[in-house]
Amino acid sequence: MLQPLVDRAHPVFLKDARTRPRRTRLGRLRAGPLPPLATMLAIPILLILLYVLPFAISAYYPGGYRPDLETIVIVLYDGLLASAFVGGWATGLVSAGTAGPMVASEFRDNTWDVLATTPLTNAEIVRAKFAAALWRIRYWLLAQVITRALLILAQFVLYAAYRPYGLASATPFATALLVLSWPFLLIQPLLTAAAGAALGIMCSACVHSPALGRALAVIARTVTWALSWGFAIYLWIQTALVIGYEVGSSYGPLVNQLLGTAGHIYMSYAFGVGRFAGDGVFVLAGYGVIAALALVPAWLCLRLAAVALARHRV
């Protein structure tokens with residue numbers, strides 16, 4: 001079942017994963033991993049420059065101050081957190097927009113009739129196009145993982161070097177939850193990309209226009225986000241009322257948890273409830289819920305795309 005996702009010799013995967021060759025060195029550079037990585041690191045670099053620049057200017061005057069290294073680490077951490085927050089949202093849109101035209105382009109180019117005569121099943125074609133969509137955004141996903149790895153490193157340096165009292169006062173279970181959140185932060189973009197790409201494939205299988213498929217995929221991804229966030233905020237408000245927190249005062253902890261989880265609303269909910277209730281089971285359950293919210297809809301979208309393709313097959 002997963003062979004098209006790992007077999008790079010699959011004919012459909014080779015056709016859709018191949019991009020237009022870049023003839024110039026600048027074109028090859030733009031198509032490589034540096035542009036998305038530079039985009040993700042632009043926010044923390046800019047924040048550090050804005051913090052260090054006044055100190056650099058005052059150094060030319062008597063009594064000038066030097067920048068505080070701890071504050072630089074904090075600024076770097078906040079910048080990486082903001083990049084991970086924005087990048088997590090953008091990953092879903094990028095993956096959905098990339099996968100949106102893939103199936104519809106077969107109808108536009110009149111190649112579906114040829115593809116339909118091959119022994120490839122509809123499910124195999126859909127999975128191969130899904131894998132090709134993820135392969136096309138591999139550099140963007142790599143930039144997300146690197147950004148989050150730097151975020152984890154900055155968090156470790158911040159707490160180990162400048163705030164050891166925080167680690168010393170934490171219980172072993174709380175420390176284990178913190179360490180467990182690090183691999184989750186690294187694989188979160190992959191889950192988001194899988195859900196977005198599967199949604200794009202499903203939208204593309206229902207239309208004959210690549211542009212319409214991309215537009216429907218982006219709109220569908222935005223709507224599902226809005227519904228997901230609305231439901232999670234509703235859960236947060238109801239839980240806050242049950243626990244005994246006022247609704248107005250509960251938004252502060254929600255924002256803090258959002259920042260601490262790089263913008264994942266359900267992980268924020270799990271962390272917030274776990275902190276209020278004093279039970280880490282909520283946090284552990286949050287990981288499973290988040291994985292299910294990405295993988296189950298992705299599987300369902302791919303199944304629906306295969307059903308939609310069956311209507312076009314003789």
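Relative to the present Cα-Cα distance, how much length would full extension add between residue 227 and residue 39 at 0.36 nm per residue of separation? Walk me through the numbers before you get to the answer.
Values: separation 188, 0.36 × 188 = 67.68 nm, distance 2.82 nm.
That pair, residue 227 and residue 39, stretches by 64.9 nm at full extension.
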_Could you give the length gained by full extension between residue 14 and residue 291, i.e. 0.36 nm per residue of separation minus their alpha carbon distance, to one decimal place?_
96.9 nm
*Taking the Cα centre of each part, how many Å lie between the range 115-139 and the range 191-212?*
12 Å
*Quickly work out the residue 108-to-residue 307 label distance, labels modelled 7 Å from Cα along the C-beta direction, and quote it in nm with one decimal.*
2.7 nm
*Between residue 138 and residue 299, with labels modelled 7 Å along Cα→Cβ, what's the label distance in nm to one decimal, could you check?*
2.6 nm
_Multiplying the sequence separation of residue 116 and residue 158 by 0.36 nm and subtracting their Cα-Cα distance, what value in nm do you get?_
9.5 nm
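Where a number appears in this text, it was derived from the coordinates with a stated rule and is not lab data. These numbers were taken from a predicted model, which means no experiment stands behind them. A quick note on method: Cβ atoms are made from the backbone with ideal geometry, for glycine too, and the neighbour counts reach across all protein chains shown.
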